[in-house]
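Participant: Below is one structure. I have some questions about it.
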Amino acid sequence: MLYKEQQIKIYNSLSGKKEDFKPINEGHVGMYVCGPTVYSNVHLGNVRTFMSFDMIFRYFKHLGYKVRYVRNITDAGHLENDADEGEDRIAKKARIEQIEPMEVVQMYTVDFHTILDTFNFLPPSIEPTATGHIIEQIEIIKEILDKGLAYEVNGSVYFDVLKYNESHHYGKLSGRNIEDLIHNTRVLDGQSDKRNPQDFALWKKAEPQHIMRWPSPWSDGFPGWHLECTAMSTKYLGEQFDIHGGGMDLKFPHHECEIAQAEACNGQSPVNYWMHANMLIMNGKKMAKSTGNYILPNEIFSGDNPHITKAYSPSVARFFMLQANYRSILDFTNAGLLASEKGHNKLMEAVANMEQLQPSAETTEFDVDAWKQKCYDAMNDDFNSPTLIAELFAAVKFINQIKDGKASVSENDFKALQETMNAFVFDVLGLENETAQAESGDKLAETVEILIQLRAEARANKDFTLSDKIRDELAAVGIQLKDGKEGTTFSTN
Ligand code: AMP
Ligand code: ZN
């Protein structure tokens, strides 16, 4: 197994250091990533965070780890602001659109999957929903109440942050301490049931008009947003698991609260490696739905947005994002995309040319073995995709030299070069050779046109046995011919 030879280092947000990755169970990785709140279309910023973890998932799989990757769907409980105030985002959208909350959830879950599929994401192993785990969430609240670290007021239950902080450090992930938090949060306005503004909701009693409600020992209501991730990660990965990820903006309060809930329940830190992906920005500001400063993936594919001058393919957009380190801020610009398109196409051209190369007796100008390990070193160094891409371009140069007769490659090295290039370009980075796909689509169309022509000739010669045979055998491989006024057309299924 490759993972026995390659030692990954992960930047752990909890320690602020790169640490050797040691899974709890050898050869296995348990990874939880906070999924989307499905109340609107995903923007490119959301896609970037999920793409960082898709690349990480892909590399673990490439090394031969058995990965259980859990990425949830938040379909209840996420209020308009992080201080447990405002309407539920999904309920609000349902009210505005005059549809059922579950219609909102369905519409944007489908959108999320379609977009991720277009970007060639691998599906996670489990994609649980918050509403599917209400019972588990209620059980956790009971346990935290039993431990004396939560309190009930008027049918709602709140986590007692100050009490918890007496024996634990609330704020350890985001580098805060309770004094700063007290100093920086505004005082309660008298409307709130909370004892302290730092406390957060585990259960909220539903207002009479609130549709998304479930029975509980405290009230008909709904769980607080932070609780679902503790419930689902514990259920599918255990009380302690390897990796928890999400966007940088989830570190506080969301992930801090997850740690507090799990430690309150189980007395131990739930996650060994906390990973945070950095933000995509545009016009110098975070890409976000709420401010209107965002671009949708479909606008990139169509070119229909004032920020860009043309359309870009999903693989080019993917390449653009993976050219930045997942822990760096990435600025979305048209110039950046144009440059990425050039690089992407150059890489794909070299990969296509590679297949035509002829090996020679020996290799000159390049050390394939050393290069291969450098590709692994890049990814082992906290999934450094820009360094990996730079290494792939060293191979592009070599491939072009061989093509021009300025270098040669031995049979063994050629095999290693092909395997390594294909593994990193397609399996790990998840890029796609769209020109090759488009070309093979064109070739199929041309071939079917030839058969349509031959069938027309057979019919003209009254050779119906042959013409029917052509039609039926094409149908058997999923190509339907349709005769119309304008001639014969075809469709595939
Ligand atoms: P949400 O649906 O708002 O919970 O966001 C889904 C994911 O997208 C979270 O992990 C966020 O951290 C992430 N995210 C939101 N905005 C951006 C951005 N501008 N750049 C990168 N990731 C983002
Ligand atoms: Zn979460």
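The values are calculated or read from the model by the stated rules, or taken from the named source; none is laboratory data. Not measured: the values here are computed from a predicted model. All Cβ positions, even for glycine, are placed from backbone atoms using ideal geometry, and neighbour counts span all protein chains on display.
Participant: Hey, any hits in region 187-210 for a residue that's away from ligand 2 (no atom under 16 Å from the Cβ), more than 20 Å from Pro253 (Cβ to Cβ), touching a residue at least 24 places away in the same chain (Cβ under 8 Å) and surrounded by fewer than 22 Cβ atoms within 10 Å (Cβ to Cβ)?
Facilitator: Within region 187-210, one or more residues are away from ligand 2 (no atom under 16 Å from the Cβ), more than 20 Å from Pro253 (Cβ to Cβ), touching a residue at least 24 places away in the same chain (Cβ under 8 Å) and surrounded by fewer than 22 Cβ atoms within 10 Å (Cβ to Cβ).
Participant: Moving to a separate point now. State all residues of region 232-255 that are touching an Asp or Glu at 6+ places or on another chain (Cβ under 7 Å) and either assigned by TED's automatic domain parsing to the domain that holds Arg327 or closer than 17 Å to Pro124 by Cβ (or both); if no residue qualifies, say none.
Facilitator: Here is the first cut: in region 232-255, the residues touching an Asp or Glu at 6+ places or on another chain (Cβ under 7 Å) are 235, 253.
Once the filter is applied, which keeps residues that are touching an Asp or Glu at 6+ places or on another chain (Cβ under 7 Å) and either assigned by TED's automatic domain parsing to the domain that holds Arg327 or closer than 17 Å to Pro124 by Cβ (or both), region 232-255 yields only Lys235.
Participant: Could you list, in sequence order, all residues of region 20-41 that are within 16 Å of ligand 2 (Cβ to nearest atom) and either outside the structural domain of Ile10 (by TED's automatic domain parsing) or not hydroxyl-bearing (Ser, Thr, Tyr) (or both)?
Facilitator: Residues of region 20-41 that are within 16 Å of ligand 2 (Cβ to nearest atom), as a first pass: 30-39.
Matches in region 20-41: Gly30, Met31, Val33, Cys34, Gly35, Pro36, Val38.
Participant: Among the residues of region 200-222, which ones are among the acidic types (Asp, Glu) and either modelled with pLDDT under 95 or in a strand (DSSP E or B) (or both)? Please lay out each step first, then the result.
Facilitator: Narrowing region 200-222 to residues among the acidic types (Asp, Glu): 207, 220.
Glu207 - this is the single residue of region 200-222 that is among the acidic types (Asp, Glu) and either modelled with pLDDT under 95 or in a strand (DSSP E or B) (or both).
Participant: Then there is this: Output the helices (runs of 4 or more DSSP H) that fall wholly within region 398-493 and possess 3 or more residues being touching a Lys or Arg at 6+ places or on another chain (Cβ under 8 Å), without any contact (Cβ under 8 Å) to a residue 60 or more places away in the chain and not assigned by TED's automatic domain parsing to the domain that holds Gln358, or say none.
Facilitator: The helices (runs of 4 or more DSSP H) meeting that bar are 464-476.
Participant: In this structure, is Lys286 in contact with a Leu (Cβ under 9 Å, 6 or more places away or on another chain), more than 16 Å from ligand 1 (Cβ to nearest atom) and of a type in the set (D, E, K, R)? Talk me through it step by step, then tell me what you get.
Facilitator: Numbers: in contact with a Leu (Cβ under 9 Å, 6 or more places away or on another chain): yes; more than 16 Å from ligand 1 (Cβ to nearest atom): no; of a type in the set (D, E, K, R): yes.
No; evaluated as a whole, the condition is false for this residue.
Participant: Right, next: Within the group Gln268, Gln198, Gln261, which residue is farther than 19 Å from Ile90 by Cβ, in contact with a His (Cβ under 7 Å, 6 or more places away or on another chain) and away from ligand 1 (no atom under 14 Å from the Cβ)?
Facilitator: Working: Gln268 fails: in contact with a His (Cβ under 7 Å, 6 or more places away or on another chain); Gln198 fails: in contact with a His (Cβ under 7 Å, 6 or more places away or on another chain).
When all the criteria are applied, what remains is Gln261.
Participant: Could you list, in sequence order, all residues of region 24-49 that are over 18 Å from Glu299 (Cα atoms) and either crowded, with 21+ Cβ neighbours inside 10 Å or within 8 Å of ligand 1 (Cβ to nearest atom) (or both)?
Facilitator: Just the residues of region 24-49 that are over 18 Å from Glu299 (Cα atoms), to begin with: 24-39, 49.
Answer for region 24-49, where residues must be over 18 Å from Glu299 (Cα atoms) and either crowded, with 21+ Cβ neighbours inside 10 Å or within 8 Å of ligand 1 (Cβ to nearest atom) (or both): Val29, Gly30, Met31, Tyr32, Val33, Cys34, Gly35, Pro36, Thr37, Val38, Tyr39, Thr49.
Participant: May I pose another question? Would you mind telling me which numbered condition in (1) out of contact with any Pro (no Cβ under 9 Å at 6 or more places or on another chain); (2) under 14 Å from Gln137 (Cβ atoms); (3) within 16 Å of ligand 1 (Cβ to nearest atom) Glu228 fails?
Facilitator: For Glu228, the failing item is (1).
Participant: Applying the selection to region 223-251, what residues are at pLDDT 95 or above, of a type in the set (Phe, Trp, Tyr) and either buried (at least 22 other Cβ atoms within 10 Å of the Cβ) or more than 19 Å from the chain's Cα centre (by Cα) (or both)?
Facilitator: Phe241
Participant: Still on this structure, I have one more. Can you tell me which residue in region 1-23 is surrounded by the most Cβ atoms within 10 Å (Cβ to Cβ), limited to those that are assigned to a loop (DSSP other than H, G, I, E, B) and over 22 Å from the mean Cα position of the chain (by Cα)?
Facilitator: The extreme case among them is Gln6.
Participant: Using the structure shown, decide if Gly175 is assigned by TED's automatic domain parsing to the domain that holds Gln98 and within 16 Å of ligand 2 (Cβ to nearest atom).
Facilitator: On the way: assigned by TED's automatic domain parsing to the domain that holds Gln98: yes; within 16 Å of ligand 2 (Cβ to nearest atom): no.
No: the conditions fail for Gly175.
Participant: Moving on. Can you tell which of Ala277, Ala264 is among the aliphatic types (A, V, I, L, M), within 16 Å of ligand 2 (Cβ to nearest atom) and under 30 Å from Ala201 (Cβ atoms)? Can you show your working first?
Facilitator: Details: Ala264 fails: within 16 Å of ligand 2 (Cβ to nearest atom).
None of the others qualify; the one that does is Ala277.
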